[in-house]
Amino acid sequence: MDRLRDEQHGMYGALRRVLFLVPPERIHTLVFAALRGITAPAPVRSRLRRLLAPGDPVLASTVFGVRFPGPFGLAAGFDKDGLGLNIWGALGFGYAEIGTVTAHAQPGNPAPRMFRLPQDRAVLNRMGFNNHGAGELALRLAQYRPDIPIGVNIGKTKLTPPARAADDYRASARLLGPLAAYLVVNVSSPNTPGLRDLQAKDSLRPILAAVLAETSTPVLVKIAPDLSDSDVDDIADLAVELGLAGIVATNTTVSREGLATPGVEALGQGGISGPPVARRSAEVLRRLYHRVGDRLVLISVGGIETADDAWDRITAGASLLQGYTGFIYQGGLWAKHIHDGIARHLHDGGFSSLADAVGSAAPRR
Ligand SMILES: Cc1cc2nc3c(=O)[nH]c(=O)nc-3n(C[C@H](O)[C@H](O)[C@H](O)COP(=O)(O)O)c2cc1C
C-alpha cells in the first residue's frame, strides 16, 4: 500500500511539474474545469466515490447535528461559487466549504493575485473575494442533491462600509442559511481592506448576532492566525456567549517569517497558506480547546499536509479539519490518504469512534 502511495505521489509529482509551468490562477481554473468535465457523468462520480470516499464507519461523526462521512473537508476559497458541488464527495472529501461569497457579486483584486511558494509548499493569495454573489450560489444550491455536507462561507462585500457590515452578512445568511449544512462568518481574510478589524469583539458581536437571528443553521466564525492570544480568547468567549456552533481556525497569515522561497516580499500583499501557517494554526486550536472544550465545535485548517498532521489536530481538539494548499501540492488522492491515515490511527489507538479521539491528547482543563 505504501509503495502504491509512493508511486501515485511520484506520478502526481511529474504531473505537478507540468501544471506548475502555468500561472497559478490560470491552472486553478483549468484544473477545476477539467475536474468538472471528467466527473460530469454520474457513473464516473459513483466509481470515484467508491474508490476515494471515506468508507470506514469509524471516520463518520455527527457534529452540530450534521452527519459527516469523514472529518476532512475542502477549505473555503477553492470553490467560491459552488461550481463543483457534486465533485468534492467523489474526490474523497468528507464535506466542502463553498465561498467566500458576498451579498453582492464582485470581481476581486487585480491579477496577478495568486502565487506559489514552492520551497515552502505554500501559496500567497490576495484574491479579494472574487465571486458571483450570494444570490447565484443560492440558486445553485437549491438545485443540488447533496452527497456530502456543504457549508457556506460568507464575507463582506468590499463596497459595503464597515458600519453596514452586519446588514451585508445578514443578507447572505438569509439567502444561504436554509441551503447550507452550516454557515461560516469570515472576518479573517487579509485581502478585503478593514475586514480583519471586524474580529474586534465590539464589531463582531452585532455581525454574529445578525446572522444568528437570521438562520437556524449552525453558525461558525473563521478567525485569523495573526490574532493575539487574548483576542483569540475574547472571540472564543463571545462565541460561547452568543451560542455559536463553533470556530474555524485559521485563515491565511500575513506573516512572512521563516519562509524558504526567495523574493516573497516582491510579490506584494496577501495571505500565506500551507506549512508556514501550520504551527500558529495548531497553537490557536490548542488555545481554543483549552478555553472552550466541547462547548464549541472546532474546525482546524492551516498547513495540514499529512494524515499525521490531521491526527495531531484531532487529538488536540478539532472535530473537523479542512485543507486547501495541500490539494495543489499533493494531488487528487490527498483527501483519501488523509482519511485512510486517520482511520489507521483510530484503530491503532483503540478508539471506537472519531468523537472519542477528539481532544484526547489535550492537557486536562
Ligand atoms: C487561493 C486561496 C484562496 C482562498 N480563499 C478563501 C476564501 O475565499 N475564504 C476563506 O475563508 N478562506 C480562503 N482561503 C483560506 C483557506 O480556506 C484556508 O483557511 C487557508 O488556506 C489555510 O489552509 P491550507 O494551509 O490548508 O491552505 C483561501 C486560500 C487560498 C490558498
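The values are calculated or read from the model by the stated rules, or taken from the named source; none is laboratory data. Quick caveat, the model's predicted, so the values are computed rather than measured. Because the Cβ atoms are built from the backbone with ideal geometry, glycine has one as well, and the counts that use them run over all protein chains shown.
Among the residues making up segment 127-151, a single one is within 13 Å of the ligand (Cβ to nearest atom), under 18 Å from Tyr95 (Cα atoms) and free of Cβ contacts under 8 Å to residues at least 60 places away in the same chain: Leu137.
Residues that are farther than 25 Å from Pro275 by Cα number at least 1 in the following strands (runs of 3 or more DSSP E) confined to segment 147-258: 150-155, 182-186, 219-223. Picking from residues in segment 314-323 that are within 11 Å of the ligand (Cβ to nearest atom) and not hydrophobic (A, V, I, L, M, F, W, C), the one that is surrounded by the most Cβ atoms within 10 Å (Cβ to Cβ) is Gly323.
When Gly82 is tested against (1) touching a strand residue (DSSP E or B) at 6+ places or on another chain (Cβ under 6 Å); (2) of a type outside the set (Val, Ile, Thr); (3) within 10 Å of the ligand (Cβ to nearest atom); (4) assigned to a loop (DSSP other than H, G, I, E, B), just one condition goes unmet, and that condition is (3).
Of all residues assigned to segment 167-175, none qualifies as being modelled with pLDDT of 95 or more, closer than 16 Å to Gly99 by Cβ, buried (at least 24 other Cβ atoms within 10 Å of the Cβ) and touching a Pro at 6+ places or on another chain (Cβ under 6 Å). For segment 61-79, the set of residues classified as touching a Gly at 6+ places or on another chain (Cβ under 6 Å), in a loop (DSSP other than H, G, I, E, B) and surrounded by fewer than 24 Cβ atoms within 10 Å (Cβ to Cβ) consists of Pro69 only. When Asp202, Asp197, Asp167 are screened for being without any contact (Cβ under 8 Å) to a residue 12 or more places away in the chain and over 18 Å from the mean Cα position of the chain (by Cα), only Asp202 passes. Reported count of residues in segment 279-313, each being hydrophobic (A, V, I, L, M, F, W, C), under 20 Å from Ala236 (Cα atoms) and within 14 Å of the ligand (Cβ to nearest atom), is 6. Taken together, Thr217, Thr250 contain a single residue that is within 12 Å of the ligand (Cβ to nearest atom), within 19 Å of Ser319 (Cα to Cα), among the β-branched types (Val, Ile, Thr) and touching a Pro at 6+ places or on another chain (Cβ under 9 Å), which is Thr250. Just one residue in the set Gly359, Gly349, Gly302, Gly331 is within 18 Å of Pro24 (Cβ to Cβ) and of a type outside the set (S, T, N, Q); that residue is Gly331.
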